[in-house]
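Asks: Would you mind keeping the following structure in view while I ask a few things?
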Amino acid sequence: MTGPHTRGILEMTAAMVVSGTIGWFVVTSGEPPVDVVFWRCLFALPALVAICLAGGHLRVSLLDRRKLMLAVGGGVALVLNWLALFSAYPLASISVATIVYNVQPFLLVGLGLAFLNEPISRDRLAWLAVAFAGTAVMTLGGAQIGSPTGAGGYLLGIFLSLAAAFFYALAALAARKLRGTPPQLIALIQVATGVLMLAPLADWDTLPTGLGTWSVLVTLGFVHTGLMYALLYGAIQKLPVALTGTLSFLYPVVAVAVDLFAFGHVLTLTQAIGGGAILFAAIATTLNWSPFQLKTPAAPGDRP
């Protein structure tokens, strides 16, 4: 039989593969980002209710007023993250937007310093410089060759990807303050917040038409949110933090592959170099590698 460790690896791998196809479904839907995020939250709601019920997490005793407000605040940040990232896909391409989005660990380090007084080590500052340089190279390289939306559209896509990373870091910061609260319950509150936020903004006069569009939106809710959360949290419970963090970088790799095969988007050499620098710096930060010594620390740190 498969042991817990192996099952955890399989669950984490499946979760990252599912995550890597989100951009494909978002672009294929043809719907505005506000509508895509609204329907994603709405269809994810029953899936997460079922997950919380199965795990015995729907209990009032698990939340007080402070925790509820933190979870709701994290939900607002998460929804803004999705809106910004989904808006970036058609502007900068799924590949570029996803790679730039992976600067989020460094933004979380900055937020930790600002709000939690967490010191920034020399190593993390060095990797931050590498990630910043990679972002600059990718931005300048892409702007020079232009994009289907023009150089201005490409730069806007980069900006929206960075904004998405910032809002995700805010959501992660809120989650840090909710230690001890079941993450499945936090996710449920977050998508419920998204439904309430976006219901007044959704286009109710022009609802999606066609079975294909509805299938994509339902899949984004049930599979890319409900199932993905179940796989992710199942893996987190079985695997060491370092291995979970390392496997999470399958997400951008899958996204780049999907963008290539589904839409024919190929990174230029300059974009690939810049993107590689971002991902390498993020992996090095996750595993606590030091650029100033050859030997890595014995105990890798948590991924922000």
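Asks: Output the qualifying pairs, or none if there are none: Cβ atoms under 9 angstrom, residues six or more apart or on different chains, first residue in the range 1-17 and more than 26 Å from Val256 (Cα to Cα), second residue in a helix (DSSP H, G or I) and modelled with pLDDT of 85 or more.
Replies: Correct list of pairs: Thr2/Leu10.
Asks: Let me ask something else about it. If you scan the range 90-127, which residues turn out to be closer than 25 Å to Gly74 by Cα and of a type in the set (Gly, Ala, Ser)?
Replies: Ala97, Gly110, Gly112, Ala114
Asks: Could you check the range 172-222 and list, in sequence order, the residues that are in contact with a Ser or Thr (Cβ under 9 Å, 6 or more places away or on another chain) and among the hydrophobic types (A, V, I, L, M, F, W, C)?
Replies: Ala175, Ala187, Val191, Val216, Leu217, Leu220
Asks: So which residues in the range 232-248 are hydrophobic (A, V, I, L, M, F, W, C), out of contact with any Ser or Thr (no Cβ under 7 Å at 6 or more places or on another chain) and either surrounded by fewer than 18 Cβ atoms within 10 Å (Cβ to Cβ) or under 14 Å from Ala44 (Cα atoms) (or both)?
Replies: Residues satisfying the conditions are Val241, Ala242, Leu243.
Asks: Residue check: is Ala298 farther than 30 Å from Pro46 by Cα and either modelled with pLDDT under 85 or β-branched (Val, Ile, Thr) (or both)?
Replies: yes
Asks: Assigned to a helix (DSSP H, G or I), out of contact with any Leu (no Cβ under 7 Å at 6 or more places or on another chain) and free of Cβ contacts under 8 Å to residues at least 40 places away in the same chain: which single residue out of Leu53, Leu45 fits that description?
Replies: Values: Leu45 fails: free of Cβ contacts under 8 Å to residues at least 40 places away in the same chain.
Just one listed residue meets the conditions, Leu53.
Asks: So the check is Cβ under 7 Å with 6+ separation or different chains; which pairs have a first residue in the range 260-274 that's touching a residue at least 24 places away in the same chain (Cβ under 8 Å) and part of a loop (DSSP other than H, G, I, E, B) and a second one that's exposed (fewer than 14 other Cβ atoms within 10 Å of the Cβ) and not basic (Lys, Arg)?
Replies: Listed by first residue and then by second, the contacts come to Thr268/Ile145.
Asks: Of Ala187, Ala202, which residue is modelled with pLDDT of 90 or more and outside any helix (DSSP H, G or I)?
Replies: Checking each option against the conditions leaves just Ala202.
Asks: Going by what's in this entry, would Ser87 be described as polar (S, T, N, Q), out of contact with any strand residue (DSSP E or B) (no Cβ under 9 Å at 6 or more places or on another chain) and within 19 Å of Ser161 (Cβ to Cβ)?
Replies: So Ser87 fits the description; yes.
Asks: Something else about it: Being on the phi > 0 side of the Ramachandran plot, at pLDDT 85 or above and among the small types (Gly, Ala, Ser) narrows it down to one residue among Gly275, Gly264, Gly226; which is it?
Replies: Result: Gly264 is the single residue among Gly275, Gly264, Gly226 that is on the phi > 0 side of the Ramachandran plot, at pLDDT 85 or above and among the small types (Gly, Ala, Ser).
Asks: Take the range 278-291 and flag every residue that is among the aliphatic types (A, V, I, L, M), part of a helix (DSSP H, G or I) and surrounded by fewer than 22 Cβ atoms within 10 Å (Cβ to Cβ). Full working, then the answer.
Replies: Pass one, the range 278-291, residues among the aliphatic types (A, V, I, L, M): 278-279, 281-284, 287.
Narrowing further to those that are part of a helix (DSSP H, G or I): 278-279, 281-284.
Those that are among the aliphatic types (A, V, I, L, M), part of a helix (DSSP H, G or I) and surrounded by fewer than 22 Cβ atoms within 10 Å (Cβ to Cβ): Leu279, Ile283, Ala284.
The values are calculated or read from the model by the stated rules, or taken from the named source; none is laboratory data. This is a predicted model, so every value here is computed, not measured. All Cβ positions, glycine included, derive from the backbone under ideal geometry; neighbour counts span all protein chains shown.
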